[in-house]
Amino acid sequence: MDSSNNPNRFKVAGIGLLLLFVCFAGRAEASSHFQEKRWELRAGYGYQYTNESRPNNFQILSLLLSLSVPLTDPIGSSFYRGRWEWMPELHLGLFTHPYVRPLFGITPLQFSYSLEPWGRFSPYVFVGAGVLRAYINRRETGSRINFNPQGGVGTRFRLTDKMSLILEYRHVHMSNAGIDDDNSGIDTHNFLAGISLKE
């Protein structure tokens with residue numbers, strides 16, 4: 001594999017993510033729903049599920065700060081009526097096994113579909129992708145820069161008009177997209193709880 005193009009490939013990917021982030025930030029600012037944004041804080045535990053080719057069994061503690069901004073009016077009908085939201089996120093994490101090392105990341109391209117409330121419950125699904133910096137230095141990924149396509153499901157449980165509790169499951173994949181020859185990646189199950197505050 002010719003690694004000479006790897007720095008350029010990463011620069012192009014980074015510039016692309018930045019441009020899309022600016023685009024959606026502008027769209028959110030222009031939205032008539034912008035005043036309905038929510039700040040959300042999640043914390044939880046993730047573990048690499050068993051894979052005989054990647055037996056390191058990574059374990060991660062995560063703290064996630066996100067902003068949830070409605071992009072559409074409610075659409076659809078029946079039980080699946082809901083709206084699309086943009087959910088950029090900051091990820092602070094800590095590998096606790098097979099070693100203790102920090103992890104930092106930003107996920108600017110993340111979108112959720114939030115259903116209209118079912119009583120006090122508001123279920124949602126989401127998908128996203130961003131960039132992580134972590135010194136893994138194993139065959140899973142030899143690069144300190146990695147990408148994190150992810151998706152999950154969750155629900156908010158309304159406590160007051162402004163405050164809700166969050167319960168969430170997400171699947172996260174970490175790999176370097178070919179920046180380094182070692183790139184088998186890490187796949188984790190993550191279980192999170194948190195709080196949502198509406199402005």
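Within segment 94-128, how many residues turn out to be under 21 Å from THR188 (Cβ atoms) and of a type in the set (Gly, Ala, Ser)? Steps first, answer last, please.
Going residue by residue through segment 94-128, those that are under 21 Å from THR188 (Cβ atoms) are 94-112, 124-128.
Now drop any that are not of a type in the set (Gly, Ala, Ser), which leaves 105, 112, 128.
Adding up the residues that qualify gives 3.
Inside segment 110-130, can you point out the residues that are surrounded by fewer than 21 Cβ atoms within 10 Å (Cβ to Cβ) and among the hydrophobic types (A, V, I, L, M, F, W, C)?
Selection gives PHE111, LEU115, TRP118, PHE121, VAL125, VAL127, ALA129.
Give the residue that is farthest from TYR45 (Cα to Cα), with candidates limited to residues of segment 82-108 that are surrounded by fewer than 18 Cβ atoms within 10 Å (Cβ to Cβ) and of a type in the set (A, V, I, L, M, F, W, C).
Restricting to residues being surrounded by fewer than 18 Cβ atoms within 10 Å (Cβ to Cβ) and of a type in the set (A, V, I, L, M, F, W, C), the top hit is TRP84.
Wholly within segment 80-162, which strands (runs of 3 or more DSSP E) include no fewer than the required count, namely at least 3 residues that are aliphatic (A, V, I, L, M), more than 21 Å from ALA193 (Cβ to Cβ) and in contact (Cβ under 8 Å) with a residue 24 or more places away in the chain? Steps first, please.
Values: elements: 82-86, 89-97, 101-115, 121-134, 145-147, 150-158.
Filter on segment 80-162 gives 121-134.
Name the residues in segment 167-199 that are farther than 16 Å from GLN59 by Cα, of a type outside the set (Gly, Ala, Ser) and buried (at least 20 other Cβ atoms within 10 Å of the Cβ), would you?
Our first condition is that a residue be farther than 16 Å from GLN59 by Cα; within segment 167-199, this holds for 167-168, 176-184, 193-199.
Checking the rest, the ones that are also of a type outside the set (Gly, Ala, Ser) come to 167-168, 176, 179-183, 195, 197-199.
Matches in segment 167-199: GLU168, ASN176, ILE179.
For segment 124-156, how many residues meet the condition of being more than 14 Å from ALA177 (Cα to Cα) and either within 17 Å of the chain's Cα centre (by Cα) or of a type in the set (Gly, Ala, Ser) (or both)? I'd like the intermediate steps shown before the answer.
Taking segment 124-156 first, the residues more than 14 Å from ALA177 (Cα to Cα) are 124-128, 134-138, 150-156.
After this cut, where a residue has to be either within 17 Å of the chain's Cα centre (by Cα) or of a type in the set (Gly, Ala, Ser) (or both) as well, the list is 124-128, 134, 150-156.
Looking only at that region, the number is 13.
Readers should treat all values here as calculations from the given coordinates under stated rules, not as data from a laboratory. These figures come from a predicted structure and were not determined experimentally. Cβ sites come from the backbone with ideal geometry, for glycine too, and all protein chains shown count toward neighbours.
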